[in-house]
Structures are given as structure tokens and as C-alpha cells.
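The structure appears right after this line, and notes come after that.
The values are calculated or read from the model by the stated rules, or taken from the named source; none is laboratory data. This is a predicted model, so every value here is computed, not measured. Cβ placement follows ideal geometry from the backbone for every residue including glycine, while neighbour counts extend to all protein chains displayed. We work out accessible area using only protein heavy atoms, side chains counted, and drop any ligands, DNA or RNA first. Shrake-Rupley method; radii C 1.70, N 1.55, O 1.52, S 1.80 Å.
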Amino acid sequence: SWTAEGVLALRAIGTLEPDEKIRNPDYLAEKFINPEFWHYSVYSPTDYATNMKVVRAYRADTYFLVNARTHKIDQTLKEMAADGLEQVVVLGAGFDTRAYRFAEKMPQVRFFELDLPATLQRKKEMVKAAIGHVPDYVAYAPIDFNTETIEEALVRVGYNPAQKTFFVWEGVTMYITEEAVRGTLTFIATRSAPGSVVVFDYMMAGVAAKDWKTYPQARIIATLCALHGEPWIFGFPEPSAGPFVQKFGLDVVEDLDGKAMTEKYMTRSDGKRDGMAGSHWGLMHARVPRP
């Protein structure tokens, strides 16, 4: 996946940030990247200043979105681990590293990674190369989306719908159909314990509809994704995903737009903003209601 590797690189670049307050915490990202990626990339694996010149020259606000959502998801995971979390399910796991960054600090939590069989096989190879082994505390759940449901794939590897779960749904909703988005939210709302949480990033419907007059910043990255065979096809109705999510019986804990993400996660130690997380992105934190 071109987008998955590109986002992985943005996380790795973010770990070079001198300001610890906004530094990307994914210290394993650079170990998961194919070394050949840097050879063909405009970015550098070690030169932070040059990388930021590229980000700002190309107005690559995806960098700031990636940094903000990494901070938000990591923060939520740590908060839930201190409050009885039992399972973490990474939906569309790709190159997510949380199972390998947090497991030792959260021995009571079982991690599940769900993705296509070929993706998970490649992931295991990358994990072994990065940390020396494929840990047994991670349950890999391969799924054929044409013939299986999320629940079938997860239950097969030990997922327990009665346990408090954190669903990480990062960089997925814009690439799948509305039907798939609805199916996933229904599963989370009905097949996880009260107090379970999902955090996901999303875009507005106007972006998926290519309304570049309203969302001019989105045009370049949308075009690049489409050229690499990964077009954006779904966006949530304006002005945010909140009302859509609530229809499934989920409570909205926090719904951040680009401005709010920037203020909360991209404000440097000196009070200056590092960069705008984009006018067309949102970050949703929703919870299964408690009785």
C-alpha cells in the first residue's frame, strides 16, 4: 500500500521533531520502513529540517494529521489501560506498531490485528525484522472481506465481545464504502462491552465528491492516492461525523476538526502552532454507552 508506507514514513519523520511536546511517539516506525523507500522518496530518514521544508513547500498537511492522530490514539490507549481495558483491536492494521510499543506496559491487554491475509503475512515479516520475533501476545486476524464479517474473523482468533475493547480505526474510513463504514460501527456498538471505545479519522463528504472549491488543500493528496490505486471514496455528511455515529447508539466523547487537532496536539512548547492538520479532516472518539 502506497498510502500505508507513506504514512509510516510521516510517523518516522515526526520522531525527529526536536520539541518533545509535539514529537511523534512512534519510535518503531523507522524500523518498519523498507530502506528502499527513502531512496525513491523526497524525504530523508535523518534530516528533520529538510523534511519540514518539503512538508511546507508541498503543503503536505497530512503530516500534521498523522502526528495529531498518533498522539490522540496513544493517549486514549494509555487512559483506557489504566481503566480496565482488556482488548485492543486494530482494524486495517497495516503498519500499526502499538502492539509492539505498548504490550510490556499493558500485560493485561490482548492485541488483535485485522487485515487482509497477504498484508498480515508481510506485517509478520516486518515485525520479526524489527524486533527479532513475532510475539504470541498479538492475535493476527486475516479476513476476506468478500466472504467474512469482522466478527467472524476476530472470534476465530479469540476476540471476546464481553470484554472492554479499544478499536483503533486509523486511515481506513475514507478508502471503504459507506456500507462497510456502517457495518463496522454496528459491530462496535453491538458486539463489544459497555465502555468500549473507537477512535478513527475521517474526511468530509465534499472531499470524497471532489469539491475542490470548498476543500482546495485536499486536491493534491487525493489525486496522488487515486493515481496509486487508493482513491478516497467515502466522507461523512457535513459538518462532522458526530450525528452519523450517534445513529448507531454510540456516544461521542470528542470530535475534533483540523483546527482543534492543531490546537490540541500541534502546539509547540513555545506556544506556536507547528502546522494545520487540514480543513477536511476530522478525528472521532466515540464510546459504547454504559448501562
Residues of the stretch 189-230 satisfying the condition of being hydroxyl-bearing (S, T, Y) and assigned to a helix (DSSP H, G or I): T190, T223
Residue hits (the stretch 66-99; in a loop (DSSP other than H, G, I, E, B), open to solvent by 20 Å² or more (accessible area, probe 1.4 Å) and over 24 Å from E125 (Cβ atoms)) are A82, D83, G84, E86
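Counting only residues that are of a type in the set (A, V, I, L, M) and over 17 Å from the mean Cα position of the chain (by Cα), how many does the stretch 198-220 have? Give the derivation first.
Step one: of the stretch 198-220, the residues of a type in the set (A, V, I, L, M) are 198-199, 203-205, 207-209, 218, 220.
The next check asks that each one be over 17 Å from the mean Cα position of the chain (by Cα); those that pass are 205, 207-209, 218, 220.
Count: 6.
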Would you be able to say whether some residue in the stretch 37-57 is at pLDDT below 95 and in contact with a strand residue (DSSP E or B) (Cβ under 7 Å, 6 or more places away or on another chain)? no
Looking at (1) modelled with pLDDT of 95 or more; (2) crowded, with 17+ Cβ neighbours inside 10 Å; (3) of a type in the set (A, V, I, L, M), find the lone condition where I33 falls short. (1)
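Is the stretch 272-279 home to any residue that is surrounded by 22 or more Cβ atoms within 10 Å (Cβ to Cβ), out of contact with any His (no Cβ under 7 Å at 6 or more places or on another chain), in a loop (DSSP other than H, G, I, E, B) and at positive phi? Can you show your working first?
The initial filter retains those residues of the stretch 272-279 that are surrounded by 22 or more Cβ atoms within 10 Å (Cβ to Cβ), namely 277-278.
From the residues that got through so far, the ones that are out of contact with any His (no Cβ under 7 Å at 6 or more places or on another chain) too are 277-278.
Then keep just the ones that are in a loop (DSSP other than H, G, I, E, B); that gives 277-278.
Applying the additional criterion that residues be at positive phi yields 278.
Scanning the stretch 272-279, I find at least one residue that is surrounded by 22 or more Cβ atoms within 10 Å (Cβ to Cβ), out of contact with any His (no Cβ under 7 Å at 6 or more places or on another chain), in a loop (DSSP other than H, G, I, E, B) and at positive phi, so the answer is yes.
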Residue among R23, R56 that is open to solvent by 20 Å² or more (accessible area, probe 1.4 Å), part of a helix (DSSP H, G or I) and closer than 16 Å to R268 by Cβ: R56
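Sort out which residues of the stretch 121-158 are within 13 Å of A93 (Cβ to Cβ) and without any contact (Cβ under 8 Å) to a residue 24 or more places away in the chain, and write them in order of number. Can you show your working first?
Just the residues of the stretch 121-158 that are within 13 Å of A93 (Cβ to Cβ), to begin with: 121-124, 126-127, 138-143, 150, 153-154, 157.
Those that are within 13 Å of A93 (Cβ to Cβ) and without any contact (Cβ under 8 Å) to a residue 24 or more places away in the chain: Q121, R122, K124.
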